[in-house]
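J.: Please find one structure pasted underneath; my questions will follow.
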Amino acid sequence: RILLDNFSKSFGSTKVIENMRLEVGSGEMLALLGPSGCGKSTTLFAVCGIHRPTGGRILFGDRDVTDLPSQVRNVGVVFQSYALYPHMTVAENIGFPLKVKGMPTAEIRKEVDRIAALVQIGNLMGRRPAELSGGQQQRVALARALIRKPDVLLLDEPLANLDAKLRLEMRSEIRRLQRETGITAILVTHDQVEAMSMCDRIAIMKEGEIVQIATPAEMYNDPKTAFVAGFLGNPP
Ligand code: ATP
Ligand code: MG
């Protein structure tokens, strides 16, 4: 599980998050849902280790990772702009995190093949990113995030750049992968349909606070505030 215990984050004198508590169960996929500027990415950056919290602790299981750098947290990350390396082939892109770790080429090849089959891009291995569709690039980014068998998968608006049809396809694809691997995941989105269709639970954020956390059905049937109801498109 992931636990944010009393998590706070300020930038200079601007307090973005204050004393947040958030627990994501092992194998659970949780959505952080809320309007632009509410602090979703800030929260995710703290979990992956890009930002250090100004207060509180972050735990993976019982392990306190608050002061650990990103590289040793064993997280897989996919951001909205999923910058693949343009000069590398798909296979090289996916294998890169293992190459950095110094794994022998033959072993990398095996791991790349395994993960490519998982995200169903085995036929694209020799191409370069510019020769791929948006959805295919997205799969490569996912494969690269998953190749080190991370304990935690963090997704920040991973589908924002895709057209409607691909977005639908990738929603179920990512969910399938998450279930198959049993990985603990946080999905940041401002799309309520995405959150409802992909996640076990939803945490609704407003101005740096979690207003309600519940399963999609609970949230839809019993929104705790007008804000939540309005956000889910089910106003009282
Ligand atoms: P969006 O849906 O638009 O991506 P978000 O919920 O991810 O929004 P954050 O990026 O977490 O929002 O930003 C939360 C607040 O923190 C915003 O008001 C933003 O301006 C502020 N903020 C984020 N990063 C910094 C920074 N490096 N320096 C100063 N303020 C920042
Ligand atoms: Mg954001």
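J.: Take the residues in the stretch 145-183 that are of a type in the set (D, E, K, R) and open to solvent by less than 50 Å² (accessible area, probe 1.4 Å), then tell me which one is nearest to the chain's Cα centre (by Cα). Walk me through how you get there before you give the answer.
T.: At the first step, the residues of the stretch 145-183 found to be of a type in the set (D, E, K, R) are 148-149, 151, 156-157, 163, 165, 167, 169, 171, 173, 175-176, 179-180.
Keeping just the survivors that are open to solvent by less than 50 Å² (accessible area, probe 1.4 Å) gives 156-157, 171, 173, 175.
Values: 156: 5, 157: 8, 171: 12, 173: 14, 175: 11 Å.
In this case the residue turns out to be 156.
J.: Going residue by residue through the stretch 145-154, is there one that turns out to be closer than 23 Å to residue 60 by Cα and acidic (Asp, Glu)?
T.: yes
J.: Out of the residues in the stretch 123-144 that are modelled with pLDDT of 90 or more and outside any helix (DSSP H, G or I), state the one that is surrounded by the fewest Cβ atoms within 10 Å (Cβ to Cβ).
T.: Per the criteria, the residue is 126.
Here is a yes/no grid of residues against (1) among the basic types (Lys, Arg); (2) touching a Pro at 6+ places or on another chain (Cβ under 9 Å):
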{"position": "166", "(1), (2)": "no, no"}
{"position": "174", "(1), (2)": "no, yes"}
{"position": "189", "(1), (2)": "no, yes"}
{"position": "196", "(1), (2)": "no, yes"}
{"position": "224", "(1), (2)": "yes, no"}
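Residues are listed down the side, and each one gets a yes or a no for (1) open to solvent by 70 Å² or more (accessible area, probe 1.4 Å); (2) within 16 Å of ligand 1 (Cβ to nearest atom); (3) part of a strand (DSSP E or B); (4) out of contact with any Cys (no Cβ under 6 Å at 6 or more places or on another chain):
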site	(1), (2), (3), (4)
36	yes, yes, no, yes
41	no, yes, no, yes
51	no, yes, no, yes
58	no, yes, yes, yes
76	no, no, yes, yes
84	no, no, no, yes
88	no, no, no, yes
98	no, no, no, yes
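J.: Turning to a different aspect of this structure: Would you call residue 193 among the β-branched types (Val, Ile, Thr) and either away from ligand 2 (no atom under 16 Å from the Cβ) or open to solvent by 70 Å² or more (accessible area, probe 1.4 Å) (or both)?
T.: On the way: among the β-branched types (Val, Ile, Thr): yes; either away from ligand 2 (no atom under 16 Å from the Cβ) or open to solvent by 70 Å² or more (accessible area, probe 1.4 Å) (or both): yes.
Judged against the criteria, residue 193 is a match.
The values are calculated or read from the model by the stated rules, or taken from the named source; none is laboratory data. What you see is a predicted model, and the numbers here were worked out from it, not measured in a lab. Please note: Cβ atoms are built from the backbone with ideal geometry, for glycine as well, and neighbour counts cover all protein chains shown. Each accessible area value is taken on the protein alone, full model and side chains, heavy atoms only, with ligands, DNA and RNA left out. Shrake-Rupley method; radii C 1.70, N 1.55, O 1.52, S 1.80 Å.
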